[in-house]
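Here's the structure we're looking at; comments come further down.
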Amino acid sequence: MSDTASLEQTKKQRYNLNKLEKRIRRYVGRAIEDFNMIEDGDKIMVCLSGGKDSYTLLSMLRQLQRIAPIRFELVAVNLDQKQPGFPEHVLPEYLSAEGVDFKIVEEDTYSIVKEKIPAGKTTCSLCSRLRRGILYRVAKELGATKIALGHHRDDMLETLMLNMFYGGKMKSMPAKLVSDNGEHVVIRPLAYVREKDIVTYAAQQNYPIIPCNLCGSQENLQRQAIKEMLRQWDRQFPGRIESMFTAMQNVVPSHLADPELYAFKTIKADGQENAEGDTAFDHSVPTDFLNYQDPDETTGAESANGVIQVRNLS
């Protein structure tokens, strides 16, 4: 490859990275605004695991911190759970080089989990509960007003499907909630961000990723199955995942089946036309994913009319 061609390729890669970074930052900013996640004077504890999601979360919050019209603090917190082989030097070195305020918490939850969970069983549930309790304690010690987690849009969809298929609930990960003990506000600023964008961005940033399989426990197989199903849909039917997430933001209780959520028992005909009545279901299976905008993965450009129509969705 000639020097000129190499230079052009580098410029193109830099352009694409900038477009991707702006898109992720825009989605993070929109989620923060929609859910009022960050307020003036907040001290935000960013939970940093060493994975792609938490690195991206910290990067976006730092960028927004520089340009936001309000002032807020960030402190990155990592919980060293003493798994064998955990590279404890990686995060302190990275955060120190970046000039980020941080705290490393050392708690041997690994031994507790191994003692309590039989060999071969998934340890994620107990590990998660122990980790959550420790992080809540640390947030209180630091005087943090918000706890930021790195869950993204795909995590929220996977949780929705898991609860529907296995839990019998229409329930997902909230973008903002009060913690189990009622003492903390937990936020998920990546709520609108696609996992595949995070994968690309993290690879381009060359973050020092710490693998999540150090404990030797497999991730919940049900979640893995749901994740693969959603990936297949995304490849086969572009726009379906976006439509599903949009549906989570457009809930119509009167057209579901929870009598505690909607007063079905008191419904009476009043002679008034109802645009949300049964006529909404007279049409056949939809042939379009409406309002779906898919930025071109290479150039960041959008389609001419802003809407991509997808056919044969059955």
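The values are calculated or read from the model by the stated rules, or taken from the named source; none is laboratory data. What you see is a predicted model, and the numbers here were worked out from it, not measured in a lab. Note that each Cβ is placed from the backbone with ideal geometry, even for glycine, and that neighbours are counted across all protein chains shown.
Among the residues examined, PHE237 qualifies as modelled with pLDDT of 90 or more, of a type outside the set (Lys, Arg) and under 23 Å from LEU157 (Cβ atoms). For VAL185, the conditions (1) over 30 Å from GLY41 (Cα atoms); (2) at pLDDT 95 or above are fulfilled apart from (1). Inclusion of GLU260 among residues that are in contact with a His (Cβ under 8 Å, 6 or more places away or on another chain), in a loop (DSSP other than H, G, I, E, B) and surrounded by fewer than 14 Cβ atoms within 10 Å (Cβ to Cβ) is not warranted. Under the condition of being surrounded by 14 or more Cβ atoms within 10 Å (Cβ to Cβ) and touching a His at 6+ places or on another chain (Cβ under 8 Å), which residue from the stretch 170-191 is farthest from LEU58 (Cα to Cα)? It comes out as MET173.
Screening the stretch 145-168 for residues that are under 21 Å from the mean Cα position of the chain (by Cα) and either polar (S, T, N, Q) or in a loop (DSSP other than H, G, I, E, B) (or both) and picking the one that is surrounded by the fewest Cβ atoms within 10 Å (Cβ to Cβ) gives ASN163.
Scanning the stretch 235-257 for residues that are surrounded by 15 or more Cβ atoms within 10 Å (Cβ to Cβ), free of Cβ contacts under 8 Å to residues at least 60 places away in the same chain and not acidic (Asp, Glu) returns a single hit, SER243.
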